[in-house]
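Q: Please find one structure pasted underneath; my questions will follow.
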Amino acid sequence: MDSKPNQDPPLAFSVSASDVGERLDAFLATHVEGWSRARLQRLIEDADVLVNGHVAKSAYKLRADDEIEVELSLPSLTAFTPENIPLDIVFEDEELIVVNKPAGMIVHPAAGVDTGTLANALAFHFAQLPKTGGATRPGIVHRLDKGTSGLLVVAKTETVHEHLSDQFRARDVFKSYIALVHGRVEKRTDQIDQPIARDPRNRIRMAVVRGGRPAISIYRVRRRFDRFTLLDVELKTGRTHQIRVHLAWLKHPVVGDEVYGGGRDKTVVNPQVRSKIAKLGRQFLHAERLGFRHPRTAEQMIFTAEPSTDLQKLVNELK
């Protein structure tokens, strides 16, 4: 397992006879210092834990001589400080907050990044947020990539955090994104059901991998252009980089995606469009709609956030 830049090498463990039959997450909770079982389960779900070179589930029962690799980054808690960063708050009540995260903002501190994150901003504006998930992830229930903008829900209490987390685990949350992709997508709607795991050839990337974690995305064509297609993409699961990986597998990578785009941005024929894509500095992916049941009232709530001006200008250029 290749380590990421500015990140410690992965931890490695060999399972002894005394540990046979123990759950993977329980084993890690006793062997990885400073990490709660819940946080380790997130690592397992994100395919950052391998057993004998393969992705495993939290409930996996250990066998004799299993080799376990754990790739983790522990942010410095001493360096984490609340910061007065403006927030685009879409909704707020006593239990939760829905924010519209801008592109370029990281959700929580990671290796080499201790400032400027959504978590730093939340810690400043809402001092009472629960520390579930660690001191550097106050109230955060789910994530968006740095280059992806859009809606996130944040819990204000431990109880609400647990309730919302249960909804995400049960796939009861509605998540819909808008994505501009290269090429003309012919099918008006389709389901992509392809497993995702760490790319065996490049551990920093994710990929469609046989034996990976189940991943389902449903897309619908919103508008077709000459050499591009604007899609609505609904997530049924929440794997790391899921939409970007699935659409790249479909041979229609997200515009502006330097990791999974395969260099398609540089092949755009129209120089004006090519220039606007280069100026984006991000992938054209926006979490436009988010729906869930309110933890206290059980009311079904759905929120919408329009794409930012830079994305809208690119679409207008294509028109």
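Rundown of residues vs (1) crowded, with 18+ Cβ neighbours inside 10 Å; (2) among the hydrophobic types (A, V, I, L, M, F, W, C); (3) over 17 Å from Gln242 (Cβ atoms), yes/no style:
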| site | (1), (2), (3) |
| --- | --- |
| His161 | yes, no, yes |
| Leu164 | yes, yes, yes |
| Ala170 | no, yes, yes |
| Arg188 | no, no, yes |
| Ile192 | yes, yes, no |
| Arg198 | yes, no, no |
| Arg201 | no, no, yes |
| Met206 | yes, yes, no |
| Ser217 | yes, no, no |
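Q: Out of Ser308, Ser275, I need the residue that is within 20 Å of the chain's Cα centre (by Cα) and surrounded by fewer than 18 Cβ atoms within 10 Å (Cβ to Cβ). Which one?
A: Ser308
Q: Quick check on segment 296-319. Is at least one of its residues in contact with a Leu (Cβ under 6 Å, 6 or more places away or on another chain) and not charged (D, E, K, R)?
A: Checking segment 296-319: at least one residue is in contact with a Leu (Cβ under 6 Å, 6 or more places away or on another chain) and not charged (D, E, K, R).
Q: Within segment 286-301, take every residue that is in a strand (DSSP E or B) and open to solvent by 90 Å² or more (accessible area, probe 1.4 Å) and give me the one that is farthest from Leu96 (Cα to Cα).
A: Taking the candidates together, the pick is Arg289.
Q: Here is a check on your reading of the model: is Ala64 within 23 Å of the chain's Cα centre (by Cα) and either at pLDDT 85 or above or in a loop (DSSP other than H, G, I, E, B) (or both)?
A: no
Q: Related question: On the basis of being at pLDDT below 95 and open to solvent by less than 70 Å² (accessible area, probe 1.4 Å), does Gly212 make the cut?
A: Here the answer is yes, as Gly212 does meet what is asked.
Q: Let me ask something else. Return the pair list, or none, for Cβ contacts closer than 6 Å from residues in segment 34-55 that are within 15 Å of Val15 (Cβ to Cβ) to residues that are outside any loop (DSSP other than H, G, I, E, B) and at pLDDT 75 or above, at least 6 apart or on different chains.
A: Short answer, once both residue conditions are applied: Val49/Leu43; Val49/Val70; Leu50/Glu69; Val51/Ile68; Asn52/Glu67.
Q: Here's something else I'd like to know. Go over the candidates Arg203, Arg210 one by one and state the one that is among the charged types (D, E, K, R) and assigned to a loop (DSSP other than H, G, I, E, B).
A: Arg210
Q: To continue, here is another question. Kindly list, by first and then second residue, each pair from a residue in segment 210-222 that is farther than 26 Å from Val55 by Cα to a residue that is assigned to a loop (DSSP other than H, G, I, E, B) and open to solvent by 70 Å² or more (accessible area, probe 1.4 Å), limited to pairs with Cβ atoms under 6 Å and residues at least 6 apart or on different chains.
A: From segment 210-222, the pairs are Val221/Arg188.
Q: How many of the residues in segment 148-200 are over 27 Å from Leu230 (Cα atoms), of a type outside the set (S, T, N, Q), free of Cβ contacts under 8 Å to residues at least 60 places away in the same chain and not in a strand (DSSP E or B)?
A: Total meeting the criteria: 7.
Q: Considering (1) polar (S, T, N, Q); (2) open to solvent by less than 50 Å² (accessible area, probe 1.4 Å); (3) at pLDDT 85 or above, say which one Ser73 fails and leave the rest.
A: (3)
Q: Quickly run through segment 271-304 and pick out the residues that are under 30 Å from Arg227 (Cα atoms) and among the β-branched types (Val, Ile, Thr).
A: Val273, Ile277, Thr304
The values are calculated or read from the model by the stated rules, or taken from the named source; none is laboratory data. Since the structure is predicted, the reported quantities are computational estimates derived from the model, not experimental observations. Cβ sites come from the backbone with ideal geometry, for glycine too, and all protein chains shown count toward neighbours. When the accessible area is computed, the model is the full protein with side chains, heavy atoms only, and any ligands, DNA or RNA have been set aside. Shrake-Rupley method; radii C 1.70, N 1.55, O 1.52, S 1.80 Å.
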